[in-house]
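Only one structure is covered here, and it is reproduced in the block below.
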Amino acid sequence: METFLIKTLQLILSLSILVIIHEFGHFLFARLFKVRVEKFYLFFDPWFSLFKFKPKNSETEYGIGWLPLGGYCKISGMIDESMDKEAMAQPPKPYEFRSKPAGQRLLIMIGGVLFNFLLALFIYSMILFAWGDTFLPLKNMKMGMNYSETFHDVGFRDGDILLRADDEELERFGSDCFRKVVEARTVTVLRDGKETVISMPEDMMQRCLRDGKGFADPYRMPMVVRDLPIKDAPAALAGMQPGDSVVAINGLATPTFYDASEQLTLHKGQDVTIDFYRNGALQSLTMRTDSLGKIGVAVKLPTELYQTVTRKYNFFESFPAGIELGVNTLKGYVNDMKYVFTKEGASSLGGFGTIGGLFPSVWDWRIFWERTAFLSIILAFMNILPIPALDGGHVMFLLYEVIARRKPSDKFLEYAQITGMAILFALLIYANGNDLFRFLVK
């Protein structure tokens, strides 16, 4: 329950930041061109709001709705989700959106997307400035990785160390690495000290999406004790110490953490003899596992066992590096969108459950801001798609107006808005339905 609450709080805070910045982009350009903004709301407020106020001499009501699915900026003289037909039936007024030149209306509509993208670049820059860029090079992971069944089927073996995708060197584990691997013609790995070339099928991404097995687990490493957090746990009572490196259980070699964990699980509530190295000397201890096959140790992470690389950035260096990171993230996301229109891609779509799963179960500010920047990129891209009811739909009709030199009729825009909202609600139901289905079949 605690994990769920932490993830939920991170999701709500992240989306609140993104919505406020997005709507502020619309608000700023609207006010710049002297267009009246009637409401500025975080979350939606059908029937009632949690909080609202209207400053003296202000035309705008600010508030917080009760339905945390986004937010909105109600601009006078514009057909939007409010579907205010009565106001649109009145003659245009000078302060209304519809009375302004097409160029100004275009800037008002792209303001939200622009601000979301700029926010992502700023967050990435500040992350690099505050924490730098620390990563574990793939070549330093001497025990390689454990690969999914889908990758085993095409020739990968557990322990392979990724070297190159086609002729491009693979530097670090992550989404960019995965993308390069599945789209490569060949992948070169280091196996048993020798380079091995694996031919990749053209539909590798579709296989991954269809099988749902993922890519690889980078946590293939020895089981080395970092801490004994529970003083009356089996390991602590038996005399294990931080730094002990487990090599065998009941005489069976356990070169990796997974091997050791598997053996302990097979001996739930039983006595086990654990062989380990301490200060270069081989030692043994006997202890009884608990009912889950645990002995009560916290193990070291790969970043603690292998040599990492850290790139530091000063304040001025962080901005070009952050911009490059943001642009590359956008390019990767746009590239991945082509798979959404396949059967496998559509079934992999997720809703709020999937988005919430991006956040860790413990509060980590660096990870929080990384996920927020990524979601800001996604929000910017999704909103600029030419779908009625989204900013991109309004932009599409404005571009038509500029080219054709005539506006689409209000009635047409009204029907387009209704159609777009129906499409968005259908996608929302489908994506969250996928989340529910995956939860039920776990």
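Among L18, S148, S175, whose Cα sits farthest toward the positive end of the charge dipole of the chain (+1 at Cβ of Lys/Arg, -1 at Cβ of Asp/Glu, about the Cα centre)?
Farthest towards the positive end: L18.
With unit charges on the beta carbons (Lys and Arg positive, Asp and Glu negative) and the dipole taken about the Cα centre of the chain, which residue among A120, W66, P408 sits farthest to the positive side?
Projecting each Cα onto the dipole axis, the largest value belongs to P408.
Would you mind telling me the share, in percent, of accessible area of the chain contributed by carbon and sulfur at probe 1.4 angstrom? Kindly include the intermediate steps, with their values, before the conclusion.
Working: 14770 of 24040 Å².
For the chain, the apolar C and S fraction of the accessible surface comes to 61 percent.
Subtract the Cα-Cα distance of K93 and K268 from 0.36 nm times their separation in residues, and report this length gain in nm to one decimal. Don't skip to the answer; put the middle values down first.
Working: separation 175, 0.36 × 175 = 63.00 nm, distance 7.59 nm.
Full-extension gain reported as 55.4 nm.
Once the whole set of protein chains is in place, how much accessible area is left on K34, using a 1.4 Å probe, in Å² to the nearest 10?
So the heavy atoms of K34 present about 150 Å² to solvent.
Given a 1.4 Å probe and the protein chains all in place, what does the accessible area of F178 round to, in Å² to the nearest 10?
50
Per-residue ellipticity at 222 nm for the chain, helices alone: DSSP H runs ≥ 4 residues times -39500 (n - 2.57), over residue total, nearest 500 deg cm²/dmol? Don't skip to the answer; put the middle values down first.
Details: 15 runs with 201 residues, N = 442.
After summing the helix terms and dividing by residue count, I get -14500 deg cm²/dmol.
Select from segment 389-430 those trypsin sites (Lys or Arg not before Pro) which occupy a DSSP coil region and have at most 11 other Cβ atoms within 10 Å, ordered by residue number.
Values: sites: R405, R406, K411; in loops: R405, R406.
Counting only loop positions with at most 11 other Cβ atoms within 10 Å, the trypsin sites (Lys or Arg not before Pro) in segment 389-430 are R405, R406.
Pairing the Cα long axis of helix 391-404 with the longest principal axis of the chain, what angle in degrees results, from 0 to 90 and rounded to the nearest 10?
50
Relative contact order (percent) for segment 153-275, with alpha-carbon contacts under 8 angstrom and 6 or more residues of separation?
On the way: 149 pairs, mean separation 20.7, N = 123.
It rounds to 17 percent for segment 153-275.
Provide the per residue accessible area, probe 1.4 Å, for segment 1-60, rounded to a whole number of square angstrom.
Numbers: 3760 Å² over 60 residues.
Normalised by residue count, the accessible surface of segment 1-60 is 63 Å².
If you average the alpha carbon positions of segment 131-152 and of segment 10-56, how far apart do those two centres end up, in angstrom?
Cα centroid to Cα centroid, the span is 42 Å.
Heavy-atom accessible area per residue, segment 152-222, 1.4 Å probe: how many Å²?
Working: 3910 Å² over 71 residues.
On a per-residue basis, segment 152-222 sits at 55 Å².
Ranked from the most accessible area to the least, with a 1.4 Å probe and all protein chains present, what is the order of S261, S16? Intermediate results must be reported in sequence, preceding the final value.
On the way: S261 35, S16 15 Å².
Final ranking, largest accessible area leading: S261, S16.
Report, in debye and to the nearest 20, how large the dipole of the chain comes out about its Cα centre when Lys and Arg carry +1 and Asp and Glu carry -1 on their Cβ. Walk me through the numbers before you get to the answer.
Numbers: 48 positive and 49 negative charges, 246 e Å.
Taking the Cα centre of the chain as origin, the dipole is about 1180 debye.
Compute the Cα gyration tensor for segment 205-317, then decide on rounded, prolate or oblate, letting a ≥ b ≥ c be the square roots of its eigenvalues: rounded whenever a/c is under 1.5, prolate when a/b is larger than b/c in the other cases, and oblate in all that remain. Mind dumping the intermediate values first?
Working: a/c = 2.27, a/b = 1.40, b/c = 1.62.
Here segment 205-317 falls in the oblate category.
Arrange the residues S245, S361 by how much accessible surface each exposes, largest first, with a 1.4 angstrom probe.
Largest accessible area first, the list is S361, S245.
Please report the accessible area of E168 (heavy atoms, 1.4 Å probe, ligands and nucleic acids excluded) in Å², nearest 10.
90
Before anything else, pin down the relative contact order of the chain: Cα pairs under 8 Å, at least 6 apart, normalised by residue count, whole percent. Mind showing how you got there, number by number?
Numbers: 741 pairs, mean separation 77.5, N = 442.
It rounds to 18 percent for the chain.
What whole-number value in Å² describes the accessible area per residue of segment 264-334 for a 1.4 Å probe? Present the calculation step by step, with values, prior to reporting the outcome.
Details: 4340 Å² over 71 residues.
I get 61 Å² per residue for this part.
State whether segment 169-226 is rounded, prolate or oblate according to the following rule on the C-alpha gyration tensor (a ≥ b ≥ c being the square roots of its eigenvalues): a/c under 1.5 gives rounded; otherwise a/b larger than b/c gives prolate, and the remaining case gives oblate. The partial results should precede the final answer.
Values: a/c = 2.11, a/b = 1.35, b/c = 1.56.
Taking the square roots of the gyration eigenvalues as a ≥ b ≥ c, segment 169-226 is oblate.
If you take the alpha carbon radius of gyration of the chain and divide it by 2.2 N^0.38 Å, what ratio comes out, to two decimals?
Details: Rg = 27.1 Å, N = 442, 2.2 N^0.38 = 22.3 Å.
In units of the globular-protein estimate, the chain measures up at 1.22.
As a quick test, which of the pairs K7/K39; K139/K213; K194/K294; K34/K54; K7/K56 have an alpha carbon distance above 28 angstrom in this structure?
Working: K7/K39 30 Å; K139/K213 24 Å; K194/K294 37 Å; K34/K54 18 Å; K7/K56 38 Å.
Flagged as over cut-off: K7/K39; K194/K294; K7/K56.
What trypsin sites (Lys or Arg not before Pro) does segment 185-252 have in DSSP loop regions with at most 12 other beta carbons within 10 Å? Could the numbers behind the result be given before it?
Working: sites: R185, R191, K194, R207, R210, K213, R220, R226, K231; in loops: R185, K213, R220, K231.
In loop regions of segment 185-252 (DSSP not H, G, I, E or B), the sparsely surrounded trypsin sites (Lys or Arg not before Pro) are R185, K231.
The values are calculated or read from the model by the stated rules, or taken from the named source; none is laboratory data. From a predicted model like this one, the values you see are computed outputs, not experimental measurements. Every residue, glycine as well, gets a Cβ built from its backbone with ideal geometry; the counts of neighbours run over all protein chains shown. Areas reflect the complete protein model, heavy atoms only, side chains present, ligands, DNA and RNA absent. Shrake-Rupley method; radii C 1.70, N 1.55, O 1.52, S 1.80 Å.
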